[in-house]
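Asks: Have a look at the structure that comes next, please.
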Amino acid sequence: MDLVFFGIQGSGKGTQAKTLAEELGYYIFEAGGELRKIKASGTELGDLIKNYIDNGELVPFEIIMKVVNEAVASIPADQKILFDGIPRDEDQMKAFDQILTDSGREFRCVHILLDKDDALERIKGRAEKEGRADDADQEKVLRRMDLFVEKTMPVIEIYESAGKVIEIDGKGSVEEIYTRIKEAVIA
Ligand code: AMP
């Protein structure tokens, strides 16, 4: 069973996803990370997506879905995948569900809950540590958070209605949150 991680920017989703994937043997597909690699590649596609990423806007549907499609196609059926950062809106959700169904995969979701103020505090720390341009600019961070609330929350609600979502309290230390996630996932 695959996993799909959700959480507002700053919820600690990426860190938790990486740790869990390593410990439990998931292949991690990090949408933002894959797109940042393409951005840095010096190709035409990289130049095309640069502005979207730097401005905190969603990269066009066809581009991100092609990346997801190729990744899923290249991963053996018996290798569990942890998806981080996809799907981000309802169009992506429909395409994502189709890709997974077509490859005979099933998934559950983990949603790390954190309010906006706490999330903003965490992001400030991360911008200093990792030097990410899209994290350093408060306006862009707020834009990404708004997109999460407007576009991604409806996706989570649909998955919730389908009984696919495990909700995790995102307050506390990294270790505390990790323990909550791990216990819920292996239960
Ligand atoms: P993240 O690392 O998840 O915060 O993503 C960083 C940036 O990559 C986002 O602000 C978007 O510009 C882009 N991005 C990541 N995931 C997606 C996605 N599923 N669809 C479109 N753009 C994405």
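The values are calculated or read from the model by the stated rules, or taken from the named source; none is laboratory data. These figures come from a predicted structure and were not determined experimentally. When we count neighbours, we look across all protein chains shown, and the Cβ atoms used for this are built from the backbone with ideal geometry, even at glycine. Accessible surface is based on the protein model in full, side chains and every heavy atom, while ligands, DNA and RNA are left aside. Shrake-Rupley method; radii C 1.70, N 1.55, O 1.52, S 1.80 Å.
Asks: For region 35-61, name all the residues that are among the β-branched types (Val, Ile, Thr), near the ligand (Cβ under 10 Å from one of its atoms) and not in a helix (DSSP H, G or I).
Replies: Of everything in region 35-61, just one residue is among the β-branched types (Val, Ile, Thr), near the ligand (Cβ under 10 Å from one of its atoms) and not in a helix (DSSP H, G or I), namely VAL59.
Asks: If we keep just the residues of region 1-34 that are more than 26 Å from ASP118 (Cβ to Cβ) and either in a strand (DSSP E or B) or within 10 Å of the ligand (Cβ to nearest atom) (or both), which is most open to solvent (accessible area, probe 1.4 Å)?
Replies: This residue is TYR27.
Asks: Within region 1-12, can you find the residues that are within 14 Å of ARG180 (Cβ to Cβ) and modelled with pLDDT of 95 or more?
Replies: PHE5, GLY7
Asks: Say whether the condition of being touching a helix residue (DSSP H, G or I) at 6+ places or on another chain (Cβ under 8 Å), within 16 Å of ILE53 (Cβ to Cβ), charged (D, E, K, R) and at pLDDT 95 or above is met by at least one residue in region 92-110.
Replies: No, region 92-110 contains no residue that is touching a helix residue (DSSP H, G or I) at 6+ places or on another chain (Cβ under 8 Å), within 16 Å of ILE53 (Cβ to Cβ), charged (D, E, K, R) and at pLDDT 95 or above.
Asks: Are any residues in region 19-54 touching a residue at least 12 places away in the same chain (Cβ under 8 Å) and more than 19 Å from SER74 (Cα to Cα), and if so, which ones?
Replies: Answer for region 19-54, where residues must be touching a residue at least 12 places away in the same chain (Cβ under 8 Å) and more than 19 Å from SER74 (Cα to Cα): THR19, LEU20, GLU23, LEU24, ARG36, LYS39, LEU45, LEU48, ILE49, ILE53, ASP54.
Asks: Could you list, in sequence order, the residues of region 75-88 that are more than 14 Å from ILE63 (Cβ to Cβ) and either open to solvent by 20 Å² or more (accessible area, probe 1.4 Å) or more than 16 Å from the ligand (Cβ to nearest atom) (or both)?
Replies: Those that are more than 14 Å from ILE63 (Cβ to Cβ) and either open to solvent by 20 Å² or more (accessible area, probe 1.4 Å) or more than 16 Å from the ligand (Cβ to nearest atom) (or both): ILE75, PRO76, ALA77, ASP78, GLN79, LYS80.
Asks: Within the bounds of region 95-106, is there any residue that is in contact with a Pro (Cβ under 8 Å, 6 or more places away or on another chain), closer than 23 Å to ILE38 by Cα, open to solvent by less than 80 Å² (accessible area, probe 1.4 Å) and not in a strand (DSSP E or B)?
Replies: Yes: one or more hits.
Asks: Within region 159-187, restricting attention to residues that are surrounded by fewer than 14 Cβ atoms within 10 Å (Cβ to Cβ), β-branched (Val, Ile, Thr) and touching a residue at least 40 places away in the same chain (Cβ under 8 Å), which residue is nearest to GLY32 (Cα to Cα)?
Replies: VAL174
Asks: Test GLY125 against the stated conditions and say whether it is open to solvent by 30 Å² or more (accessible area, probe 1.4 Å) and part of a loop (DSSP other than H, G, I, E, B).
Replies: Judged against the criteria, GLY125 is not a match.
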